[in-house]
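The values are calculated or read from the model by the stated rules, or taken from the named source; none is laboratory data. A quick note: this is a predicted structure, and the numbers were derived from the prediction, not measured. FYI the Cβ positions are ideal-geometry reconstructions off the backbone, even for glycines, and counts take in every protein chain you see.
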Amino acid sequence: MIYRYIGKTGLRVSVICLGTMTFGSMTDKKEAFKILDKAYDSGINFFDTAELYPVPPSEKYAGETEKIIGEWLKTKPRESIILASKVAGAASGWFIPPVRYGLTAMDKFHIKTAVEGSLKRLKTDYIDLYQQHWPDTIVPKEVTMEAFDELVKEGKVRYIGTSNDTAYGLTKSNEIAKFKGYARFESIQNNFSILNPRFFDCLEEVCRNENISLLPYSPLAGGILSGKYNQKEVPKPARFLEYLSHPVKRVREHAKKFYNKNTLKATEKFLEIAKKHGIHPVTLAVAYSKQFDFVASTIIGVRNLEQLKPHLDAADITLSREIMKDIVKLQKEIPYPMG
């Protein structure tokens, strides 16, 4: 396993991070423990969760993922693990989260309430990397950064990061932190894959110049790049087929972003590249997402232990120039298939 540092922190993390958003819904506790143990034994020391997990988010199950991880943490030396979690984003954002009665905001009350809940469920007295799940469009960033800084000073959080953020949001937040002497965002966790290269548009420059690490999530574009959705009969369970009939409109729209004619067309070409170079599609997709110098660790997710191996196989792979040329050609032929 290869290890890299996140931003300017002392967090030395495996280049593969195990995401856990299915634990407690699609993946039961017994299977989750098997996945966690195998990942840990394979050299993964970085695990990512959130107070909202599992997905799709619901009031009934929110927090279940952290409870599972909390039980598993008791079986391992705490200091051998880099643990990341997130406070639910603001209700003014892309959807109203089903926690704290849908009144969430990136203010001191909600940030501190959230971290206390996560620490209790995770059965730990500190979180290594604490992130805002998405930004607030109403509460001033000065308020948000001060609240995060207080958590760092209190020792409840070692470092902070952001997620689903923009170049403006990341830069503005960190300039405030610099001016005020607060802890800054050391990482940004955004969607990034062969099907979604938008990070290159602006955020790549910010991260390189400011030494901020990208923690890409959804390197398989929600499973699309595995090729399962390109089959005549899509094998079940299939998340986006389930989401397309979900009663919540936001969930249905989310599915259409990932599962559409352009993503399927691009995936068909991607599968040809994988076949040409003799690499498992999952391994190729994950290897791509960790290929770049601004990436510290790429976040994978699996429903069962069987799915884990091709993800882990990407840990020691660096893609050749020939493979990268083929991928860039694909991205030019079908630009931004996810919109």
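Brief remarks on what is shown
- Evaluation of Glu66 against (1) over 23 Å from Leu220 (Cβ atoms); (2) touching a strand residue (DSSP E or B) at 6+ places or on another chain (Cβ under 8 Å); (3) not in a helix (DSSP H, G or I) (one fails), failing number: (3)
- Screening the stretch 215-229 for residues that are in contact (Cβ under 8 Å) with a residue 24 or more places away in the chain and part of a helix (DSSP H, G or I) and picking the one that is nearest to Ser289 (Cα to Cα) gives Leu225.
- You will find that of Ala314, Ala274, the residue that is assigned to a loop (DSSP other than H, G, I, E, B) and touching a helix residue (DSSP H, G or I) at 6+ places or on another chain (Cβ under 6 Å) is Ala314 and no other.
- If the condition is being more than 13 Å from the chain's Cα centre (by Cα) and assigned to a loop (DSSP other than H, G, I, E, B), then the stretch 291-311 contributes Gln291, Phe292, Asp293, Phe294, Arg303, Asn304.
- Qualifying positions in the stretch 64-95 - more than 19 Å from the chain's Cα centre (by Cα) and either under 26 Å from Lys249 (Cα atoms) or touching a residue at least 60 places away in the same chain (Cβ under 8 Å) (or both): Ala91, Ser92
- Each residue in the stretch 28-50 was checked for being farther than 21 Å from Pro216 by Cβ and either in contact with an Asp or Glu (Cβ under 7 Å, 6 or more places away or on another chain) or of a type in the set (S, T, N, Q) (or both), and 0 of them qualify.
- Options Val286, Val282; residue that is touching a residue at least 12 places away in the same chain (Cβ under 8 Å), assigned to a helix (DSSP H, G or I), touching a strand residue (DSSP E or B) at 6+ places or on another chain (Cβ under 7 Å) and buried (at least 20 other Cβ atoms within 10 Å of the Cβ): Val286
- Looking only at residues in the stretch 6-31 that are part of a helix (DSSP H, G or I) and touching a residue at least 24 places away in the same chain (Cβ under 8 Å), the one that is surrounded by the fewest Cβ atoms within 10 Å (Cβ to Cβ) is Lys29.
- Lone unmet requirement of (1) surrounded by fewer than 14 Cβ atoms within 10 Å (Cβ to Cβ); (2) assigned to a helix (DSSP H, G or I); (3) free of Cβ contacts under 8 Å to residues at least 24 places away in the same chain for Phe240: (1)
- Considering residues of the stretch 38-63 that are assigned to a helix (DSSP H, G or I) and touching a residue at least 24 places away in the same chain (Cβ under 8 Å) only, the residue nearest to the chain's Cα centre (by Cα): Ala39
- Verdict on Asp293 being of a type outside the set (Val, Ile, Thr), closer than 21 Å to Val13 by Cα and at pLDDT below 95: no
- Meets criteria (assigned to a loop (DSSP other than H, G, I, E, B) and either acidic (Asp, Glu) or at pLDDT below 95 (or both)) for Lys232: yes
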